[in-house]
Amino acid sequence: MKIIEVKAKEIFSKTKLGADWVINPYVGCGHQCLYCYAKFMAKWRPAEYGKWGTWLEAKVNGPELVKGREAKGRVFMSSICDAYQPVEKDLQLTRRLLENMDKNIKLSILTKSDLVLRDIDILKQFKNAEVGLTINSFTGKAKEIFEPAAPEAAKRIAALQKLKEQGIRTHAFVSPIIPKLIDLPDIVSKTRNFVDYYWFEFLNLRGAGKEFAQILQKEFPESYKIVSNAALYQKFIDQITDLINSFNIKIRGIVKH
Ligand code: SF4
C-alpha cells in the first residue's frame, strides 16, 4: 500500500449520503473490495498512483482542521475510504480526528473493521454517536475475491455486539446484496439482538465496475445471470424486499440502484 501524505484545505464536505457532512480522513482504501463504489476517485488522481486499492492519501492535517469546528446536522465517516482500514492501526489519523472533534457533533461511522472498537473510549464522549458495520455473507472464494483485506463477517458482528454493550447506538449495513451470495435470515438472526436498525443495499453492478462484472460472470455465473438481466434482477429485488419486510426489525432504508 502506497501512502501519500497530503494536506487538505477542508475536512468537512457536503454530502447527500444520508447525512449533511462527510469526513474522509483518507482517500483510498486498503480493504480492496472489488466492488468498491469509490473507485471513481482514481480518475482524479495521477495515473502513477496506480490501481485503486493500492494507494491512499492520508490527510495528515485532518485532526487540526477539525479542531473547534461545529457542524449542523449529521456527520458521516466515511464515503471514499474506510476510516478503520488497516493503516489506521498505525497512523491513528481517525482516532486523532475524533479526539479533536466537537463532541456535540452528531456522528455516524460506517466501517467494515472491528478496529473501531479501539476508539470506544472516545466514541462514548460524543453526545450522539452511532456506528454501523457492513455485514454480508461472503465466505471462502467470495470473501477472497470481493473483500480480500476486510475483516471476516464474524468479527464485524462481534464488533456490533461489543459496541452495543458499551452503550453505543449501532446499525448493520447489509451490502452488497448479490443473488446466491447472501443469506439474510442468517445475518438478521445473528445481529438483531444488538442492532438498533438496518440498512439494506442491493448490488449496483454498474457502480461496481467492469472488472467486478467480469469476475462475477466468470466465478459466480448464476449470480451474474440474474444481476445482468433487468427482469430477473427486478424479480430478485422484489422477493428479497418482501423477505426483508417480514423480519420485524427496524429498517432505515432499502437501497435499490
Ligand atoms: S471498505 Fe468501503 S471504501 Fe474500502 S474498499 Fe471496501 S467498499 Fe471501498
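In the stretch 185-197, the residues that are in a loop (DSSP other than H, G, I, E, B) reach residues that are small (Gly, Ala, Ser) with C-beta atoms within less than 7 angstrom, at least six apart or across chains, in these pairs: 195/172.
Which residue, of 110, 17, is closer than 23 Å to residue 209 by Cα and part of a strand (DSSP E or B)?
After ruling out the rest, the residue left standing is 110.
Residue 90 passes every criterion in (1) closer than 30 Å to residue 192 by Cβ; (2) of a type outside the set (Phe, Trp, Tyr); (3) outside any loop (DSSP other than H, G, I, E, B) apart from (1).
Of all residues in the stretch 113-141, those satisfying the criterion of being touching a helix residue (DSSP H, G or I) at 6+ places or on another chain (Cβ under 8 Å) and part of a helix (DSSP H, G or I) are 114, 115, 116, 117, 118, 119, 120, 122, 123, 141. Taking the stretch 162-182 as the range and being in contact with a helix residue (DSSP H, G or I) (Cβ under 8 Å, 6 or more places away or on another chain) and either in a strand (DSSP E or B) or more than 30 Å from residue 219 (Cα to Cα) (or both) as the test, the residues that pass are 162, 163, 166, 168, 170, 172, 174, 176, 177. Consider residue 69 carefully, then state whether it is over 19 Å from residue 169 (Cα atoms), away from the ligand (no atom under 16 Å from the Cβ) and not in a helix (DSSP H, G or I). When the stated conditions are applied, residue 69 passes them.
Can you give me the number of residues within the stretch 24-46 that are closer than 20 Å to residue 7 by Cα and either modelled with pLDDT under 95 or within 7 Å of the ligand (Cβ to nearest atom) (or both)? Residues meeting the conditions: 7.
With respect to being over 28 Å from residue 76 (Cβ atoms), in contact (Cβ under 8 Å) with a residue 60 or more places away in the chain and over 18 Å from the mean Cα position of the chain (by Cα), residue 240 falls outside the description. Do we find that residue 51 is of a type outside the set (Ser, Thr, Tyr), within 16 Å of the ligand (Cβ to nearest atom) and modelled with pLDDT under 95 in this structure? So residue 51 fits the description; yes.
Applying the condition of being part of a loop (DSSP other than H, G, I, E, B) and under 22 Å from the mean Cα position of the chain (by Cα) to the stretch 46-62 and asking which residue is surrounded by the fewest Cβ atoms within 10 Å (Cβ to Cβ) yields 51.
The values are calculated or read from the model by the stated rules, or taken from the named source; none is laboratory data. Fair warning: this is a prediction, and the values are worked out from it, not measured in the lab. All Cβ positions, glycine included, derive from the backbone under ideal geometry; neighbour counts span all protein chains shown.
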